Structure formats: C-alpha cells, structure tokens
Amino acid sequence: MTVQTFRTPRTATSRRSVTTATPVETAWLDVARIAAITAVVLLHSVAVVVTRDYTELGSATWWTANVVDSAVRWCVPVFIMISGALLLAPRREGLRSFYRRRFSRIGIPLVVWSAFYLSIDLFVEKWNDWPDALHRILAGQPSVHLYFLFVLAGLYALTPFLRVLTAHAPPRTLWWAAVLMTALGVADQAISDFSGIGEANAVTRFLPYVGYYLLGYLLRDTALTRRGVWAAGAVLVASVAATVGVVGATAVAQGEWTVQAAYAYDYLSPTVLAMSVALFLLFRPLTGRWRGLTAPDRDTTAARRRLRTLADLSFGVFLVHLILLRELRSFTGIPDHPAAMVATVLAQTVAVLAVSFLVTAVLRRIPGLRATV
C-alpha cells in the first residue's frame, strides 16, 4: 500500500482540508486504493469460512465463501502496482532524502504494529511462545497481514535503483524486466507451495513482487479502447471463475484445506496475476465514468479532496483493521448458511472499514501517534 501523496497548490477551498485535492489524472489510482483496502477487509472477513473455521469443506456455505474470496484476491497485487505507478517515475531525488522519507513513513508503523499484534498474541491470547514470536519477526510475518510492510520496505529499498532503469532503459527492456521478474515470482510461489522448498523471510519477502511493482509503472498510462475494456473484463471474470474452480476442485479432491488447495489464491498464482492486471487496467476507464471526480472542466476540488483523504487513510486502515475484525467476529460469529454468511461478512466489512477509517483519522491528529499510521 503506497504512502505516496501528490501535492497541488493550496487554494481558498482547500486550506481547510487536512490533505490537498487529488489531481484529475491520478483520481483513478486513489479510487483503486480505496477499492483495494475494502477488498482486503472483505478478504479477511470471509477467509476464515474457506479455511473451515465456520463450515464444512464442500458445503454450500464453503463454496459461496470460495467465490467471494476468489473475487477479491487482486487486492494486494493492485496495491503493489499502485505503489509502482506512483514511485517508479524518474525524478530528481537523492538517496538520503528518499530513504529518510520512505522509511520514516514505513519503519515506525512496522515496529509499532508488529509489537502490538505480537503483544496481543503473547499477553492477551496467552500464547506465550517467545521463540515462535522471534521466528515470525525473522520470517517477516509478525501478523497475518503485516508481511506487506516487509514487502513495501524491500521495494522501497530497491526503488532508487529501479528509477535509473525506468529513466534510461528503452520500453522494450522495461517490459522484458517486468515479464522476467513476474515469471520468477510465479515460479517461486509454485515451487514453494508444491515442493516445500524455500521460505520467504523478512529480507527476501519482497523479491517475488518486483514484477508487479514494475508492471504498475508500465501500465499506469495505458488507456484501453472500448474493445480493450471488454477484453479486460472478460479476463477478470474468467480468472475469478478459474480461481474458484481450481481451489474448489483441489480442496474437495484432497478432502482437507492444504497449501496446495490454496495455491490458486496466492497472489503470484497465474489466475490471480491475470485478474490483478485486468482490474488494474480497468480502474482508469471505470473511474473515468465518474465525471464528478475526473472532469477537468468542472469544479470538483471538494470531491477530489475527500477522495484524497480517504485514500491517504487507507494505509492506517490496513494496519488497524485486523484487531477490530477479530473482536467483532468474536461477538457475531459467522452463520453456516450461504446467504446469512454473505450478509454477515459484508456487514463486518462495512463496520470494520467505518471504524478503521475513524480510528486512523483520530490517530492522525494525535502528535505522539500520528507517525504510526
């Protein structure tokens, strides 16, 4: 989840806002960020049903959860592509300045929220497994979602050098680099899942995602024709359907939830790769239909300012939502009925998003805690 912001000159209408308005040309990226954080919360709401915590594998409820889960697996790849779109454009910025800005923004949240979630497990949940806590830190996954901060940190470390590539390499070379790195990431994921060889750690966790990072930069200015929009939509639908089918068939055939059954869910599986690229390309034309945000000849500063604010808060929402979701789920549970399950996870998603945005906005206003989100 990128923490990049665009700054535009302040006007009389924007001085009262915490953030400046989103430029018209990047409104679609902010819409994509808000959609992606919504998908992340929905994914974490429904995933426990797929992993059989609330229903039996192969039941109608399980298959329905599989469909919902498959439909939002694009969330993390799209976040990474947004980061690449915003950060990899060549610009004059020294190494010291870049690293100070980026790692002051990502480093404090990484330390604080890693300590927070590990403390919950150790002292509240009475987990009391200190060696495993250390292992999770070294593995770059102190909590189920915080691996993403280690991914961002690694990509940020590489960014100044990738900018040299984007500034001087011809487009053909950049495309070959993106295709090669993506292919290596896909191969790495498949080998890890099916053979058990290799395991990501805090230092290497970002490497398989370099391809997505480059693709975000390369695809940022791609404008689809009407035929291209329909083609991308067809790829999106087909890849979601393929994910549903592969996950369901594998899990039912094995009779249990395994790493191999979950492979098609992985962010570097071929089906998730296809749906992520397709949807990233679709956000621009779909947002273009929202004339209140994208028409340059209209006075839409207020609308784009609100969009900017929500997009900027998405990083904090990502950090805080999981603990809120855990607590809410402990009260509501999830019913073992397809329609009731969908209604429950959607309600949980809406409630957790609303509270997470509010909590993040409050933390942003507290001097000692502002840097944590």
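Values in this text are rule-based calculations from the coordinates and carry no lab data. Here the structure is a predicted model, which means the values were calculated and not measured. Positions of Cβ are backbone-derived with ideal geometry, glycine not excepted, and every protein chain shown enters the neighbour counts.
Just a few scattered comments:
- Under a Gaussian network description of the chain, with springs only between Cα atoms under 10 Å, the residue in ARG227, ARG33, ARG304 that fluctuates furthest is ARG227.
- Label assignment, semi-axes √(5λ) of the Cα gyration tensor in Å derived from the structure, set [x] 35, 25, 19; [y] 51, 24, 17; [z] 31, 25, 23: [z]
- Candidates HIS168, HIS44, HIS145: whichever shows maximal mean-square fluctuation once the chain is modelled as a Gaussian network with Cα springs under 10 Å: HIS168
- At R0 = 45 Å, FRET efficiency that the Cβ-Cβ distance of VAL203 and ALA231 yields, to 0.05: 0.70
- Calculated FRET value between ALA241 and ARG92, using beta carbons and R₀ = 41 Å, to 0.05: 0.35
- On full extension, the segment bounded by LEU134 and ALA343 gains 71.4 nm, given 0.36 nm per residue less the C-alpha separation.
- Most fluctuating residue given options LEU88, LEU319, LEU180, as computed from a GNM of the chain linking Cα atoms under 10 Å: LEU180
- In terms of other Cβ atoms within 10 Å, ILE197, ILE120, ILE191 run from fewest to most in the order ILE197, ILE191, ILE120.
- Order of ASP129, ASP193, ASP30 - criterion: other Cβ atoms within 10 Å of each residue's Cβ, fewest first: ASP129, ASP193, ASP30
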